[in-house]
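Read through the structure below, which is laid out as structure tokens, and then see the notes.
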Protein chains: 2
Amino acid sequence: MNIKHNKEDILRKGMELFRLNGYHNTGTKEIIKEAGISRGSFYNFFIDKDDFGIQVLDYYGVWSTDYMKELLNDTKLNPKQRLIHLFDLFIEGYKRDHYKWGCLLVGMTQELGQINPSFSNACERNFESFVAVFQACIEEGQAAGVISEKQDARGLTLTMLSMYNGALVLMKSGMHHEPLEAFQTQLALILTP
Amino acid sequence: MNIKHNKEDILRKGMELFRLNGYHNTGTKEIIKEAGISRGSFYNFFIDKDDFGIQVLDYYGVWSTDYMKELLNDTKLNPKQRLIHLFDLFIEGYKRDHYKWGCLLVGMTQELGQINPSFSNACERNFESFVAVFQACIEEGQAAGVISEKQDARGLTLTMLSMYNGALVLMKSGMHHEPLEAFQTQLALILTP
DNA sequence: AATCAATTAGACCAATCTATCTAATTGCAA
DNA sequence: TTGCAATTAGATAGATTGGTCTAATTGATT
């Protein structure tokens, strides 16, 4: 056996490039160059660009949910405060990097959702992971009486995720911070019982 | 002078294809074929594909805002009811077409926002038209006391638009109707004073 | 140290994409 | 009807893309 390059490093670079510039705007040439590997290596690890894309999606899903779970386990805060804190941190990060990032799932859904069922399955699967993580926290908050029960946990989770994803799109379109701020304001309102 | 093909017909076809399959997934070949024109004609009307893309964006913006304005002028309903009615109609349309459409501005922002400033400008410009139309209605509703004032008109508009765009993304990813329903439920909640 | 399967390098190929170019055609104006 | 500028058609060019191929290299195992 002979392992020199780390598959995970390539996935991480791909994730970065796809988030920044989209799937079609990122050529295999650029991925290979940025990851510092050769064409041969790339096709040794992945069947083709689509296979790579799907694996990047799942990598992003795990990478994100791991971080979200970590933040939502901070028992020093109540569930509502944890959610608000999580989004505060995310938004701070976007601001720090001049709003250049976005959600990979949103981008991939838009770009490939209708084209390739493998991609739309991967997007849905990973969105559902996000939902699961958030929903658990919201259920806990509702049971504890610190999160509004005007909408059921699943519905409130979908709403919150929609609002966040949509705010990121407006942010990326050039409005930058304002939609994020509106999101933060409204998030507090809809979570409060 | 010699006009055979209508520029607007080509723009409409382009809008349709870009909404369905995205910008990079739609070749000039397909646009030409679907619009029933020749390559020569296309490049007679438009400088290049990017120029076409920008014009499609603006065409979509005008086409959408015209329809929204029409719906939001229905004085038989109060401003809050008008907004809810508008989204009900939109969502009904998505359902009827099996959730295959999406918002062109969302797609273009994701696909080209970081790549080409002309595109991000066009996206922001058209998003701002949407905001203007909705904000006028929300302001009217707040003044009349039928729309919540917990968030200022601009903020509430951005929130609502984010929520809607985000719900469309989840819809497109394969969740179909559920996120739209969650949106409708929450929309009524956040608008109510 | 020798062996050998796995990995790597990057030239190369085929397909595709955008855009151009020229000849044929169109339809208005005189 | 004729003349002419504008439009159209579609072959073709040039660039870029994703993917393959083979020879060289690597490193674990014996």
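The values are calculated or read from the model by the stated rules, or taken from the named source; none is laboratory data. Given the structure is predicted, the values throughout are model-derived calculations rather than measurements. Glycine also receives a Cβ, built like all others from the backbone with ideal geometry; neighbour counts cover every protein chain displayed. Accessible surface is based on the protein model in full, side chains and every heavy atom, while ligands, DNA and RNA are left aside. Shrake-Rupley method; radii C 1.70, N 1.55, O 1.52, S 1.80 Å.
Beyond 25 Å, what percent of the Cα pairs of the protein assembly as shown remain? The answer is 57 percent, as a whole percent.
Using a probe of 1.4 Å on the protein chains alone, the accessible area found for A:Asp88 is around 60 Å². Take the Cα of A:Val146, go 7 Å toward its beta carbon, and the backbone nitrogen atoms of segment A:62-103 under 13 Å from that spot belong to A:72-86.
Inter-copy label distances at B:Ala132, shortest first and taken from points set 7 Å along Cα to Cβ: 4.6 nm. Hey, how many Å between the Cα centroid of segment A:72-133 and the Cα centroid of segment B:67-108? First find each Cα centre; the distance between them is then 26 Å. Peptides B:105-111, A:21-27, B:170-176 ranked from most to least packed by the mean count of surrounding Cβ atoms within 10 Å: B:105-111, B:170-176, A:21-27.
Could you pull out which residues in segment A:163-193 have an amide N less than 19 Å from a spot 7 Å beyond the Cα of B:Leu189, following the Cα-Cβ vector? Within reach of a label on B:Leu189: A:163-167, A:182-193. Between A:His176 and B:Ser38, the FRET efficiency from the beta-carbon distance, with R0 = 45 Å, is close to 0.60. Each listed q (0.19 Å⁻¹) maps to a log10 I(q)/I(0) for segment A:44-186 from the Debye sum over equal C-alpha point scatterers, namely -1.22. Each copy carries B:Pro117; placing its label point 7 Å along the C-beta direction from Cα gives inter-copy distances of 4.4 nm, listed from smallest up.
Placing a label point 7 Å from Cα along the Cα-to-Cβ direction at B:Arg12 gives distances to the equivalent points in the other copies of 5.1 nm, listed shortest first. Projected onto their three principal axes, the Cα atoms of segment B:17-122 cover extents of 49, 29, 23 Å, largest first.
What is the helix-to-structure angle for A:79-96, meaning the angle in degrees between its Cα long axis and the longest Cα principal axis of chain A, kept from 0 to 90 and rounded to the nearest 10? Roughly 50 degrees between the two axes.
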